[in-house]
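Beneath this line is the structure, given in C-alpha cells, with notes to follow.
The values are calculated or read from the model by the stated rules, or taken from the named source; none is laboratory data. Remember, predicted model here, so these are calculated numbers, not experimental data. Methodologically, a virtual Cβ is constructed for each residue, glycine included, from the backbone with ideal geometry; neighbour enumeration extends over all protein chains shown. When the accessible area is computed, the model is the full protein with side chains, heavy atoms only, and any ligands, DNA or RNA have been set aside. Shrake-Rupley method; radii C 1.70, N 1.55, O 1.52, S 1.80 Å.
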Amino acid sequence: MALDPTRSTLLSYNTVERLLRGDFFHTVQWESVSREIAQFPADWPVVGIGTTNWFKRNGEIIIQGTVAKPEVYWSDPEGLAPMHVIDLTTQRPTGPGPALLTPSLEDRIEIPAFPFLGVAVCDPSTARTWECPATENVHHWISAQMAEANLGLAAVRVSGDFSHVRYASAFYLPLEGLKLTEGYNAANNLKLAAHDGGHWSVGGIYAVNPTIQEITSIVGHPLHLHGYETRERLGGHIVNLQTPGVTVTVWPVRDLVMEVRNLDVAWQPIRNLSPG
C-alpha cells in the first residue's frame, strides 16, 4: 500500500504479536522509518512505541515530536540507572548492563534495530483535546472516552503532572517466544518501577479492534502507552497513571500500513548467544 501523505497513518513495522512469538529478525532501523514519515507534512505530530532487538536489553521506544523533528527515546532497563531514558538519535547505551548483542546476523550491533515499531503520523487539524479529571487509572478513562467518541484507531499524547506512575522496561524477551499470562507484569521479562509525582510526557496508540490490538498491543489492552519523566529522564512502558487532572490530546488515525521485511528467507540465521 502506497502512503497517502494527506491522511493520518499508523506505520507498523512488524507486530507485537509476532514479536512475542520470538520474531527478532524482521526488523527496521530508524533511518528507513525517517524516510517514510518524511513524505508527510513537516508540522504533523508523530507518536510511537516499540522496542529493540538488543538481547537481554530490549527496552522501550518512545517516539514524539513532529515529522520535521522526530524524537526517538529509549528506556534502558540495564543502564546507569534503571529505566534511564536516552535519545537514540544522538546517544548509545552505557553503564554496567549486558553488552549490546542482537540475535540477527543481518543487523549491526551498534545500530538500534526494531523488531516492532508503531509510528502514528497525525493530522493536526483533527486533534481532539480532553480534560481528564482526577483519576487513579488514566488508561481506563481514555478508553472510555474513545468508546464514547466511536474512535477505532488513534494516537494519544498525555503531558502533565502525575501523582503516581507505574512503568516497566523489557529486559529479556526470549527467542522462543513469550506469553504474557500476567499482562504487562511478567516479572521474569520486565523491570518494574514506580514514581510519585513528576512531569511526564506520555504517548501511544489506541486500537479497539482485537485484530489491530495484536499489531499494536495484546488483545484486551486497547491502549498502549510509553513515556518518561521529563526532569529525571526515566520511564518506559506505562502500566498505570494516576493524576489530579491532566490534558489528553487525541488524533484519529485513518490508515494503517503494516510492513514486515525480509520475508523471502524462510529461516533466519541466529547469532550464537550465551544462555547465561
Can you name every residue in the range 121-172 that is under 16 Å from the mean Cα position of the chain (by Cα) and in a helix (DSSP H, G or I)?
His139
If Asp43 satisfies all but one of (1) over 24 Å from Ala168 (Cα atoms); (2) in a helix (DSSP H, G or I); (3) touching a residue at least 40 places away in the same chain (Cβ under 8 Å); (4) among the charged types (D, E, K, R), what's the number of the condition it fails?
(2)
Considering only the range 193-205, how many residues are assigned to a strand (DSSP E or B) and either among the small types (Gly, Ala, Ser) or out of contact with any His (no Cβ under 8 Å at 6 or more places or on another chain) (or both)?
7
Any chance Arg21 is without any contact (Cβ under 8 Å) to a residue 60 or more places away in the chain and exposed (fewer than 15 other Cβ atoms within 10 Å of the Cβ)
no
Within the range 128-150, is even one residue under 23 Å from Thr230 (Cβ atoms), small (Gly, Ala, Ser) and open to solvent by less than 50 Å² (accessible area, probe 1.4 Å)?
no
Select from the range 1-39 the residues that are under 20 Å from Ile212 (Cβ atoms), in a loop (DSSP other than H, G, I, E, B) and either within 16 Å of the chain's Cα centre (by Cα) or not charged (D, E, K, R) (or both) and list them in ascending order.
Met1, Leu3, Ser8, Asn14, Thr15, His26
Elements of type strands (runs of 3 or more DSSP E) in the range 48-100, at least 2 residues being open to solvent by less than 10 Å² (accessible area, probe 1.4 Å) and within 16 Å of Ile238 (Cα to Cα):
60-65, 70-76
Can you name the strands (runs of 3 or more DSSP E) wholly within the range 212-276 that have at least 1 residues being in contact (Cβ under 8 Å) with a residue 12 or more places away in the chain, farther than 20 Å from Pro115 by Cα and in contact with a Gly (Cβ under 6 Å, 6 or more places away or on another chain)?
223-229, 234-252
